1. Note down the magnitude of the dipole of region 15-104 about its Cα centre, charges +1 on Lys and Arg C-beta and -1 on Asp and Glu C-beta and zero elsewhere, to the nearest 20 debye.
2. Please give the Cα centre distance for region 54-113 versus region 27-47, rounded to the nearest Å.
3. What value in Å³ per residue do you get for the convex hull of the alpha-carbon atoms in region 1-73?
4. Calculate the spin-label point distance for residue 31 paired with residue 84, positioning each point 7 Å from the Cα along the beta-carbon direction, and give it in nanometres.
5. Considering only protein heavy atoms, what is the solvent-accessible area of residue 30 at a probe of 1.4 Å, reported in Å² to the nearest 10?
6. Ignoring ligands, DNA and RNA, how do 106, 2, 7 rank by accessible area with a 1.4 Å probe, largest first?
7. Would you rank 79, 90, 38 by solvent-accessible area, highest first, keeping every protein chain in place and using a 1.4 Å probe?
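The values are calculated or read from the model by the stated rules, or taken from the named source; none is laboratory data. Remember, it's a predicted structure, so these values are computed and weren't measured experimentally. Cβ placement follows ideal geometry from the backbone for every residue including glycine, while neighbour counts extend to all protein chains displayed. Only protein heavy atoms, including side chains, enter the accessible area calculation; ligands, DNA and RNA are left aside. Shrake-Rupley method; radii C 1.70, N 1.55, O 1.52, S 1.80 Å.
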Amino acid sequence: MRFDLSRLGAWRDLPFFDEALPEIEVALASAFLPPQEKVFAALERTQPAAVRVVILGQDPYPTPGHAHGFAFSAEPETKPLPRSLGNIFKELDSDIGARPPNADLRFWADQGVLLLNTALTVPAGMPQGTGWRRRCWSDCQISHGPICCGDVTRTVSQATSTRHATSR
């Protein structure tokens, strides 16, 4: 199995894609989520120069039809909301009296919010750290400081909402 990296833009220059991804592709022989064409959706949509905030999640939602490559986000028709997203919506309601109309947070990505999970895939139906983690994306790329990609180096704010993400 090989991922199509043609839509990654400037992210493609990161060493992760040459150093770690080939090993990951071999390990992903069984069914995983999100679907293969959506694994790098967050990176494809929010290029390095556009990143203003990074929100780290743990791993994709394990329920088929929910995960679409953006941390905490789910397909618009997802009901009930995944528990973590429901908690985010409760906080938004409490803090600002508003929340998105559905589970889809891709519009945040269009505003410079990189919604990234520390593990980009999870075996279908196996949540909470049972996904393949020997070479997490975040271990290779995300640190508390600059995100570097070729000529692009930017310092971004990071928000984390889980103990796992905070440890990254």
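1. 400
2. 17
3. 100
4. In this crude label model, residue 84 to residue 31 measures out at 2.1 nm.
5. 80
6. 2, 7, 106
7. 79, 90, 38
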